[in-house]
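What follows is a set of notes on a single structure, which appears directly below.
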Amino acid sequence: MAAESGKSSLARAVFTNHVIVFLGNISFELFLIHQLAIRYTEYLWQRFHLPCPPLQYALALGASVAAAWPWQKWSVSIKSRRQET
Amino acid sequence: MNNTRTEKIDAFQGLRGFAILMIALSHCGGLTDESGGKLFEYVGAAGVSLFILLSGYLAVLRHTRRPITDKKAYLFGKLRKFYPLYFVTLLISLPFAWRSLLGVGTAAWKGWANLLLNMLQVQTWVPKQSVYFSFNAVSWYLSLTVFLVWMTPWMVRRAADLFRGRRVGWGLFAIFAAEFIWCVLMSGAPAVHWLLYIAPPVRLLDYLAGGVYATSFRNRRISLSGRGRMASGLHWQRWHMWSSTDLIGRACRRYAAMPAYGSSPTPCCS
């Protein structure tokens with residue numbers, strides 16, 4: 001909202017930041033996937049007694065983005081194909 | 001698509017991006033401070049509230065221009081959009097529930113009943129944490145979304161009649177007063193987490209609040225194509241949107257800190 005108001009350049013920079021917008025574009029897919037990715041990495045970390053939880057979460061969220069992005073692209077292409085027909 | 005239009009969509013997507021970031025970080029339970037407290041424990045609830053508000057806002061804006069003529073087709077279209085991934089994530093979550101599913105006796109029956117409720121996307125209606133957070137825990141939100149989508153035609157049609165002109169302010173005040181009173185009244189009740197955070201009729205209030213913001217935008221007759229007029233309308237709403245998110249976030253924090261919720265054996269999955 002703030003970004004759209006055209007009054008705050010900081011808000012505009014934050015809300016139209018490419019990374020944040022990218023996360024927003026894949027937000028639905030990311031929402032459904034991230035919790036499972038965290039649970040699977042938790043299992044791995046416990047199984048192999050690995051230290052450093054930040055690394056575990058970085059891996060989980062990275063894997064979530066890597067899975068969410070192609071799914072989002074695929075669903076967009078399906079939608080546009082439906083609209084064409 | 002011109003720059004103005006792209007920027008408008010980017011701004012909404014940016015808000016969504018923030019919301020999902022808040023939710024994902026809140027689920028990183030192993031990230032703790034020096035005292036052992038979770039670093040991002042409460043931001044997830046505000047992220048969920050932001051998602052719901054934004055959904056209500058956009059639903060009214062979109063369907064004012066393109067009215068929903070066929071409710072069933074509208075609901076089916078939405079389901080077709082999100083059910084495939086929902087189903088895939090449900091399958092991926094099955095290994096975590098294999099003990100109950102392959103067990104014997106009551107536990108097995110409960111496991112299969114939960115699976116059925118998840119497949120039908122009605123788990124949100126059962127006030128038990130072991131049910132609404134079963135399998136892929138975050139999928140309770142999709143179950144809620146089905147209800148909100150089902151209510152959207154009503155909201156788009158009625159919100160305009162209920163909240164004309166100055167009634168918008170009163171409408172928002174009524175919604176937030178109702179939420180606050182509900183939080184106070186239910187704070188000691190059994191299944192308090194469900195009553196305050198999960199229950200679809202309660203969450204409908206958040207969705208309706210988003211719709212009322214959009215109605216106020218519509219009441220001002222501001223064209224989406226006019227950048228200047230749009231900017232003034234959205235600037236006017238900026239404070240309202242963030243203040244409500246903050247208000248709901250505060251309410252969420254209030255009950256999230258309750259012992260009954262904090263001592264739950266299931267990890268928090270907002």
Any residue in region B:179-204 that's open to solvent by 40 Å² or more (accessible area, probe 1.4 Å): show its pairings with residues that are of a type in the set (Val, Ile, Thr) at Cβ separation under 8 Å, as long as the two are six or more apart or on different chains. B:182/B:202; B:186/B:192
If you scan region B:20-45, which residues turn out to be at pLDDT 85 or above and within 7 Å of chain A (Cβ to nearest Cβ)? B:20, B:21, B:23, B:24, B:27, B:28
Return the residue satisfying two criteria in turn: it lies in region A:1-44 and is assigned to a loop (DSSP other than H, G, I, E, B) and modelled with pLDDT under 85, and of such residues it is surrounded by the most Cβ atoms within 10 Å (Cβ to Cβ). A:1
List every residue pair whose Cβ atoms lie under 7 Å apart, where the two residues are 6 or more positions apart in sequence or sit on different chains, the first residue falls within region B:87-106 and is facing another protein chain (nearest Cβ under 9 Å) and under 15 Å from residue A:33 (Cα atoms), and the second residue, located anywhere, is open to solvent by less than 90 Å² (accessible area, probe 1.4 Å) and not in a helix (DSSP H, G or I). B:89/B:136; B:93/B:135; B:93/B:136
Among B:107, B:73, the single one that is within 28 Å of residue B:209 (Cβ to Cβ) and either buried (at least 17 other Cβ atoms within 10 Å of the Cβ) or small (Gly, Ala, Ser) (or both) is B:73
Pairs with Cβ under 7 Å, 6+ apart, first in region A:19-39 and more than 7 Å from chain B (Cβ to nearest Cβ) and closer than 17 Å to residue B:82 by Cα, second assigned to a helix (DSSP H, G or I) and not hydrophobic (A, V, I, L, M, F, W, C): A:26/A:72
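Select from region A:45-57 the residues that are in a helix (DSSP H, G or I) and free of Cβ contacts under 8 Å to residues at least 12 places away in the same chain and write down the one among them that is surrounded by the fewest Cβ atoms within 10 Å (Cβ to Cβ). Working first, answer last.
Taking region A:45-57 and keeping what is in a helix (DSSP H, G or I), we get A:45-47, A:53-57.
This time we only want the ones that are free of Cβ contacts under 8 Å to residues at least 12 places away in the same chain, so: A:45-47, A:53-55.
Details: A:45: 19, A:46: 10, A:47: 8, A:53: 16, A:54: 10, A:55: 12.
That would be A:47.
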Given the conditions (1) surrounded by 14 or more Cβ atoms within 10 Å (Cβ to Cβ); (2) modelled with pLDDT of 85 or more; (3) not β-branched (Val, Ile, Thr), which single one is not true for residue B:160? (2)
If only one of B:117, B:58, B:53 is within 26 Å of residue B:154 (Cβ to Cβ), surrounded by 16 or more Cβ atoms within 10 Å (Cβ to Cβ), hydrophobic (A, V, I, L, M, F, W, C) and in contact (Cβ under 8 Å) with a residue 60 or more places away in the chain, which one is it? B:53
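Take the conditions in contact with a Cys (Cβ under 6 Å, 6 or more places away or on another chain), open to solvent by less than 30 Å² (accessible area, probe 1.4 Å), closer than 26 Å to residue B:24 by Cβ and among the small types (Gly, Ala, Ser) and apply them to residue B:97. Does it pass?
Numbers: in contact with a Cys (Cβ under 6 Å, 6 or more places away or on another chain): no; open to solvent by less than 30 Å² (accessible area, probe 1.4 Å): yes; closer than 26 Å to residue B:24 by Cβ: yes; among the small types (Gly, Ala, Ser): yes.
For residue B:97, the condition - in contact with a Cys (Cβ under 6 Å, 6 or more places away or on another chain), open to solvent by less than 30 Å² (accessible area, probe 1.4 Å), closer than 26 Å to residue B:24 by Cβ and among the small types (Gly, Ala, Ser) - is not met.
The values are calculated or read from the model by the stated rules, or taken from the named source; none is laboratory data. It should be emphasised that the depicted structure is a prediction, and the values quoted were computed from it without experimental measurement. All Cβ positions, glycine included, derive from the backbone under ideal geometry; neighbour counts span all protein chains shown. Note: areas computed on protein heavy atoms with side chains; ligands, DNA, RNA excluded. Shrake-Rupley method; radii C 1.70, N 1.55, O 1.52, S 1.80 Å.
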